[in-house]
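Below you'll find the structure, written out as structure tokens, and then a few comments.
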Amino acid sequence: MNAETTDLSVAAKGISIREFNKYYGAFHALKNMSLEVSPGEFLVLLGPSGCGKSTALRMIAGLESITSGTLMIGDQDVSQVLPKYRDIAMVFQSYALYPHKTVGENIGFPLKVAKTPKAEMDAAILAAAEQVELETLLDRLPGQLSGGQRQRVALARAIIRRPSVFLMDEPLSNLDAKLRGNMRAELKHMQNSLGITTIYVTHDQIEAMTLAHRVAIMKDGELQQLGTPKEVYSNPENLFVAGFMGSPPMNFVEGAIANGVFTADGVSLPTNQLSDLSKVTLGFRPEDCTVVEKGQGQLDAQVFTLEMTGDQSLVTFRSGDKSMVVKMPKDFEIEPASYAGIAFDASHACFFDTDSGQRLRPS
Amino acid sequence: MGRLFLTPAVVLILVFSIFPLIASLVMAFTRIRFTGGGFKVRYVAWRNFDKQFFGSEQFHLLGTFGPLSILAWVVGLAATLGLFWWLYRYCRTHFTVVGFIGRLITFAMALFLAWLFAATLLSGRQFGTVGTTLFYVVVGCGLQFLIGTALAFACSQHIRGSRAFRVIFFVPMMITPIGVGYIFRMLADTSKGPFANVWQWAGLGDWSWATDPWAARIFITIADSWQWIPFVFIMMLAGFESVSKDLNEAAEIDGAGKWMTFREIIWPQVLPIAATVMLIRVIEAFKIVDLPNIMTAGGPGIATESVSLQSYYAWRSLDLGSASAIAYILLFITVVICVSFFNLVVLARVRAKP
Amino acid sequence: MKYGLFEPRKIGEMAPATKVVLYTLLLAWSLFVIFPIYWLVITSFKTPAAVNEGPFFIPWVDFKPSLHAWRDLFVYDLADTMRAYFNSVVIAFSATVLSVFVGSLAAYSLSRIEFAPNLITILYFVLLLIGASVAIGVYGADLWLTLAIVVAMFFLLARAVGRLYSVRLKNGDILFWIISQRILAPIVVVVPIYMMFQSVRLLDTHLALILTYAVVNLPIVVWLMFDFFNSIPRDLEESAQLDGATMIMTFREVVMPLSRTGLAATTLLVMIFSWNEYLFALFISTSKAQTLPILVAAMNAGERGILWWTMSVAIIIMIIPVVALAVVLQKYISKGLLVGAVKG
Ligand SMILES: Nc1ncnc2c1ncn2[C@@H]1O[C@H](COP(=O)(O)OP(=O)(O)O)[C@@H](O)[C@H]1O
Ligand SMILES: [Mg+2]
């Protein structure tokens, strides 16, 4: 197994995306996206559905034309190169298995196209199938496989050619929750051992957090932030990223900064030398705060519900039409509709310009 | 309740096709003589069939026979050997009694047709209406299938104006076969038709296609194809468009070129549809009667006469017994060929589909 | 990078060579399809002289277009033309409605209910029919008396015969039987049908042609609609039935609206076949119920040879309605046929 693993790995190539733009007629689907992926990296494109992730991926694959911009794979400009000359492999959301070909024929198709000798091809098929533990199912048709097995056939078909880049478009979204967890671990392991540069598209932030070396978060065709999962989680660049990452998401309080102090109704918080602004949003994570006696914390609110998730309790507060969530230990008890205070660590709080959404940083 | 839904259809079919079928069978064994006011019916056993196969009408139905040429012997024997080999292989691999009987019937029909072909055409003699009908079926359907599929594939690509092409290509199917027959007669008029000048220029002068058996047959095939390619086109287009776009793209990424994608990915998936379309076309093609009737009246001689047309002419000369016998011969050949095609080709393709 | 002749130069575009091949093919075929129709149309505007004096291609340039053929058909022979037109419309329309209605009912019940008719009973019935045909045809027995005897014999003994042996057919067999009726060439059945209508004095009536066309097209309807109904999820009907709807109501309220595409395609196809049919019309309609194809063919019968100009007019007025219908419904046709075709 290990021998084959090293055998399958290739010299990974970096990808460099420069000022990608995509227009569908007048619709601007991808806006000036620039991004460098280093060799062997696992990069996840994350964003809500319809934000242009698939479009970006398909442009990298060569299935969609690049309206303007350049794409380099390794040190070669491939912006106008046909998909088959780009040395990439892609896993589709629907798996796109050829229904009339057996598992073995499906996996071996890229080699058959490349006119690989039969013996060599059979060995490669077996090696790839072993990698995804499909070696006993080689004679089945895709129609006779379960969802997870089909997913693995698609993976095997992608790895058999030893491409220098893997592209995956929501490959796990058609699986049920449990299987998704298993496949996630396997994918991560496989990418690690093969060391192939991978771009992975998903709308599921858990997948992004667990799989990625770096995450690129997108919205409406624009790149919002690029960084390690930890960076984008704890150091969001703007309101969108802050609200998109984490479940439950960050709590927001709107107010203003005057004389370096953030004030909202009932809240007053010294900031770290931020300049004055009339519309500011304060954000803090549910796990960075605790529920305390009324009047003891930075702000007070009425308890709306208490949810037990097993390993923790989520306390939801409601004031006006805003709600805030606090993560508490699992045996925490509180009376709904009672008033309580919320105390948080001011050093973890983030401030955003409410109008532009941008993070406010000390000047 | 459910019976109530099914009954009207069954009753209509019983009255309008099973009863006539039986009546026709009875007529095929009788001779009907019209006298003054009424008619007399006489039972004549196999005499009507005998006349068609061995008697005075043999040249008409089957063709003119005589000594076989070398080529005829070679082809005939090769076909015989091939058929025996096919049957033998079936017996060796997956033998069932029903399957064997079915294949035996197919075998007998194929053997008969092969020798018929060898004894008439390959020995340089004229073949009869059975041969002509088979010519329309095989050459016509083959042509229609090839062109229709090519057009459908072209139209399934991202082509500007593909909508307009679709509508245009569909039109000939709407036109009555009678109309098609007359339109093509107009077009093919060698002195007043649109190609008259080309005809004269090519030095063909007074020579008329209508006097040459092969030219006339080919001409009818062209008219028939003009009318029915739209059918193949529209069905195959639906087939091509049902192939998922993802598969095309996956093949593109896997490195396959256009031809490879077509052969390896698209074609295997439309094959069941193709087989069904072919079956429908073959069934319909066996019935061909309007076009030869309108365009050549079966001429020159009997060169373009189909079996249906022969039966119609027999009816017109009030020989109802022969008309029914000929119709039954056509029915038998059609059923054997179509059922064989269905069982051996279509079902195999449909079953192979996951 | 070097590209093959059939490889696109740009992503999302077609290779120049591919483009050339495709457009050449499509344009050439368009020409081949359009030219005969063009010739038909200009011939309808030619005078006999313009037709007879050699090929003229372009109106106003080559020859002076004239409405004389149109006048012939619409002024002098107006009564004949209109009658044939009226007959064709009534017959094609009624036959289509009947066929689609009866066929859809059958297809629906076949796709939803398990039938298990006994083959032996059916064979018994067929044998009775053969006996009756021989009795009537060869021995000249009275038609109605024989039929009465057949019906009586069948209902008296069907059960008993059915008990003797029982070979149950499945729905697939019934379906196959209905569809296989399409194999019958019209020529095989047309003579007995002719005699049948003669004996009940329905020859040369609308009803005769309507019934005939409806039956001839039943197999197509049953085949297409069966596949279509099969593709409709059962849950919808089951929930309708839970709400208390009867089978007829479910069929009308739930199934019919969902199968609109299939119905459109089927209707159009049956309409075309009925509108264009010639052989049956030739036998069954002699004068009163004459349809358009007969009118067209009749242009050949004059002493002056074929009247190409009036015939062209007749063909044109005959194809205009179907072509219009087809252009409007073209979208449904491919969609509707698709279901049948893809399922095989
Ligand atoms: N072929 C196309 N034509 C027009 N608009 C498209 C096309 N493909 C995608 N779009 C639009 O581009 C946007 C991004 O789509 P996509 O990349 O598929 O989003 P996602 O992030 O969910 O994968 C969507 O608003 C979509 O409607
Ligand atoms: Mg997507």
Item checked: Cα-Cα over 19 Å, subset of A:K53/A:K178; A:K13/A:K84; A:K31/A:K230 -> A:K53/A:K178; A:K31/A:K230
Item checked: Kirkwood Rh, angstrom, the range C:1-93 [1 / mean 1/r, Cα pairs] -> 17.7
Note to self: Ignoring solvent entirely, what values of log10 I(q)/I(0) come out of the Debye formula for the range C:16-70 at 0.20, 0.27 Å⁻¹ when each Cα is a single scatterer?
What the structure shows: -0.71, -1.00
Notebook entry, point to check: Which lysines have a Cα less than 30 Å from the Cα of C:K46, not counting those fewer than 8 places away in the same chain?
Noted result: B:K192, C:K64
Notebook entry, point to check: How far is helix C:206-230 tilted off the main Cα axis of chain C, in degrees rounded to 10, range 0 to 90?
Noted result: 80
Notebook entry, point to check: Residues with amide H under 5 Å of A:Q296's amide H, sequence separation 5 or more or different chain, H placed in the peptide plane at 1.01 Å from N; which?
Noted result: A:G341
Check: Can you list the aspartates and glutamates whose alpha carbon is less than 19 Å from that of A:K219, not counting same-chain residues fewer than 8 positions off?
Finding: A:E19, A:E36, A:D169, A:E170, A:D204, A:E207, A:E231, A:E237, A:D353, A:D355
Notebook entry, point to check: Can you pull the mean other chain C-beta count within 10 Å for peptide A:229-236?
Noted result: 0
Margin query: Compute the angle between helix A:177-194 and the longest alpha-carbon principal axis of chain A, please, reported from 0 to 90 degrees and rounded to the nearest 10.
Written below: 60
Check: Per Stokes-Einstein, at 10 °C and 1.306 mPa s, what whole-number D in µm² s⁻¹ belongs to the range A:264-356, with the Kirkwood radius over Cα pairs as the hydrodynamic radius?
Finding: 113
Item checked: the range B:270-354: radius of gyration and largest Cα-Cα distance (Dmax), Å -> 16.2, 54
Next item on the list: Rounded to the nearest 10 degrees, what's the angle between the helix C:143-164 long axis and the longest principal axis of chain C, both from Cα atoms, 0 to 90?
Entry: 60
Check: From the backbone phi of the range C:282-293, what are the Karplus-calculated ³J(HN,Hα) couplings (6.51 cos²θ - 1.76 cosθ + 1.60, θ = phi - 60°) in whole Hz, Gly and Pro given as x?
Finding: 4, 6, 8, 9, 9, 9, 4, 9, 3, 9, 4, x
Next item on the list: Provide the descending list of Cα extents for the range A:15-239 along its principal axes, expressed in whole angstroms.
Entry: 51, 39, 31
Checklist line | aspartates and glutamates with Cα under 20 Å of C:K19, excluding same-chain neighbours fewer than 8 positions away | finding: A:E64, B:E241, B:E249, B:E252, C:E7
Notebook entry, point to check: If eta is 1.002 mPa s and T is 20 °C, what Stokes-Einstein diffusion coefficient results for the protein assembly as shown, Kirkwood Rh from Cα pairs, in µm²/s?
Noted result: 61
Checklist line | Spin-label model distance (nm) - B:L318 vs A:M72, 7 Å beyond Cα toward Cβ | finding: 9.6
Notebook entry, point to check: What percent antiparallel are the DSSP beta bridges of the range A:15-239, to the nearest 5?
Noted result: 50
Notebook entry, point to check: Averaged over B:182-189, how many beta carbons belonging to a partner chain fall within 10 Å of each residue's beta carbon?
Noted result: 5
Margin query: Loop only by DSSP, 10 or fewer other Cβ within 10 Å of the Cβ. Give me the trypsin sites (Lys or Arg not before Pro) in the range C:1-66 that pass, ordered by residue number.
Written below: C:K2
Check: Hey, what number do you get for the protein assembly as shown at 222 nm if only DSSP H runs of n ≥ 4 count, each worth -39500 (n - 2.57), divided across all residues, to the nearest 500?
Finding: -17000 deg cm²/dmol
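Where a number appears in this text, it was derived from the coordinates with a stated rule and is not lab data. Fair warning: this is a prediction, and the values are worked out from it, not measured in the lab. Cβ atoms come from the backbone with ideal geometry, glycine included; neighbour counts cover every protein chain shown.
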